[in-house]
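Have a look at the structure below before the remarks.
Throughout, read-outs are computed from the coordinates displayed, never taken from laboratory work. As the structure is a prediction and not an experimental result, all values here were calculated from the model. Using ideal geometry, Cβ is built from the backbone for each residue, glycine included, and neighbour counts are taken over all protein chains shown.
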Amino acid sequence: MLRPYQIIDRRKTRVINVGNVFIGGDNPISVQTMTNTITSDTKKTLDQINTVVEAGADLVRVSVPDKESTNALKVICKNSKVPIIADIHFHYKRALEAADNGAACLRINPGNIGSLEKVKDVIKAAKDNNCSIRIGVNAGSLEKQILEKFSEPNPEALVESALLNMKILEDNDFLNFKLSVKASDVFMAIKAYKKLASICDYPLHLGITEAGGQRSGSIKSSIGIGNLLLNGIGDTIRVSLADKPEEEVRVGFEILKSLGIRNRGIKIIACPSCARQQFPVIETVKKLEESLQDITKPLTVSIIGCVVNGPGEAKMTNIGITGGGNDTHMLYIDGKKDRRIKNVDLTSYLEKVIRDKSQNFKH
């Protein structure tokens with residue numbers, strides 16, 4: 001097994017807590033998502049929270065647009081396995097209620113939370129309930145005075161909004177907060193995050209907002225979030241997709257896995273297949289990706305259709321399969337030839353080998 005080619009030099013930040021999850025410093029970069037159920041429907045919301053937690057979510061955000069939703073937090077927060085972040089827009093009283101009802105963090109958008117006095121009330125509620133805050137600046141909802149100054153959303157406007165609101169929290173002796181400066185434009189978001197990272201040492205929540213559907217959104221998020229992570233910037237991430245919340249979590253972990261930052265679940269290395277393939281690579285990979293989603297151990301599996309690159313890739317993975325002629329393939333375990341396999345249902349066979357390995361795997 002090869003060591004990572006390069007270790008990312010992560011930006012040093014102060015540490016905050018979101019419930020029992022610590023953000024910043026040397027703590028793992030957390031992956032979060034957001035529910036899309038009606039929050040007041042506690043059963044559906046908790047069911048979805050359980051689903052994303054099984055996928056690996058460290059934190060879950062829920063929208064609380066009305067008092068029925070903040071009342072539901074009493075049950076949701078009590079029964080959730082991970083800390084709950086309350087998403088606040090327009091009505092600052094929802095933040096007060098959310099803090100009182102168990103939210104571990106309040107996400108406030110400076111552009112629509114209201115007057116300074118209302119923000120101060122939110123800060124007091126957070127203090128009284130040991131609740132953290134995320135200053136969530138978004139290119140789509142900047143403060144009126146910021147837009148008047150800059151005419152349109154741009155990186156400088158996003159950062160100025162973040163700094164103005166950061167100062168309000170600091171002036172009120174509240175330091176348990178993180179910041180985000182999201183935009184749907186990848187270049188705007190990257191530039192804003194890099195500028196903000198050079199100015200302050202607070203933890204940063206990364207995301208490309210409203211990135212799109214599963215394919216386009218995953219690509220945009222990978223470029224934007226990945227660029228920042230490569231530069232050591234970022235302490236918690238959310239991949240925003242017009243898709244199921246658990247898919248956001250899976251893509252988030254794929255980004256972290258590809259950079260060697262966090263390893264969770266099966267990492268499959270596979271060839272794109274060609275005329276040399278000795279078994280249906282694409283079909284095999286698709287079936288295994290679907291059937292192995294429940295495994296959390298960080299195993300690497302190489303699935304290569306022929307002997308051109310197969311043996312080399314197998315030497316660098318926990319489990320490897322290389323296609324051979326006459327329906328006879330070579331299985332590798334921990335980089336070494338283990339056995340030849342012939343005339344088997346390859347997908348089922350590999351799934352059993354991978355599951356057996358995961359039972360005894362020590363990372």
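In table form, for the structure just shown:
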{"quantity": "Net charge over other residues, Cβ less than 12 angstrom from the Cβ of Ser273 (K, R count +1; D, E count -1)", "calculated": "+1"}
{"quantity": "5 angstrom amide H check on Ser132, placed H, neighbours 5+ away", "calculated": "Gly19, Cys105, Leu106"}
{"quantity": "Pair Asn20, Asp201: separation of 7 Å Cα→Cβ label points (nm)", "calculated": "2.9 nm"}
{"quantity": "Given [x] 23.6; [y] 27.4; [z] 18.9, the label whose value is mean projected area of the Cα convex hull in nm² derived from this model", "calculated": "[z]"}
{"quantity": "Convex hull volume per residue for segment 77-222, taking Cα atoms only, in Å³", "calculated": "120 Å³"}
{"quantity": "Estimated inter-spin distance, Lys315 and Ile333, nm [label 7 Å along Cα→Cβ]", "calculated": "2.1 nm"}
{"quantity": "Charge tally in the Cβ shell below 14 Å around Val181, where Lys, Arg are +1 and Asp, Glu are -1, Val181 excluded", "calculated": "+3"}
{"quantity": "Ordering of 341-351, 234-244, 307-317 by burial proxy (mean other Cβ atoms within 10 Å per residue, highest first)", "calculated": "234-244, 307-317, 341-351"}
{"quantity": "Once the Cα gyration tensor of segment 156-199 is diagonalised, semi-axes √(5λ) in Å", "calculated": "21, 9, 9"}
{"quantity": "The chain: angle of helix 116-128 to the longest principal axis, Cα-based, in degrees nearest 10", "calculated": "60 degrees"}
{"quantity": "Relative contact order (%) - criterion: Cα under 8 Å, at least six apart; region: segment 77-225", "calculated": "17 percent"}
{"quantity": "Student exercise, the chain dipole from Lys, Arg, Asp, Glu Cβ charges, in Debye to nearest 20", "calculated": "1000 debye"}
{"quantity": "Förster-model FRET efficiency, 56 Å R0, Lys118 and Thr296, C-beta, rounded to 0.05", "calculated": "0.85"}
{"quantity": "All-pairs alpha carbon distance profile, segment 272-363, 5 Å steps from 0, percent", "calculated": "3, 15, 27, 28, 19, 7, 2, 0"}
{"quantity": "Under 13 Å, Cβ to Cβ, from Ala86 - net charge with Lys/Arg +1 and Asp/Glu -1", "calculated": "+3"}
{"quantity": "For the chain, share of DSSP beta bridges that run antiparallel, in % to the nearest 5", "calculated": "25 percent"}
{"quantity": "Rounded Å value of the spacing that divides the Cα centres of segment 29-43 and segment 251-276", "calculated": "26 Å"}
{"quantity": "Charge-dipole axis of segment 41-174 as Lys and Arg at +1 and Asp and Glu at -1 on Cβ define it, positive-most pick from Pro155, Val62, Leu142", "calculated": "Val62"}
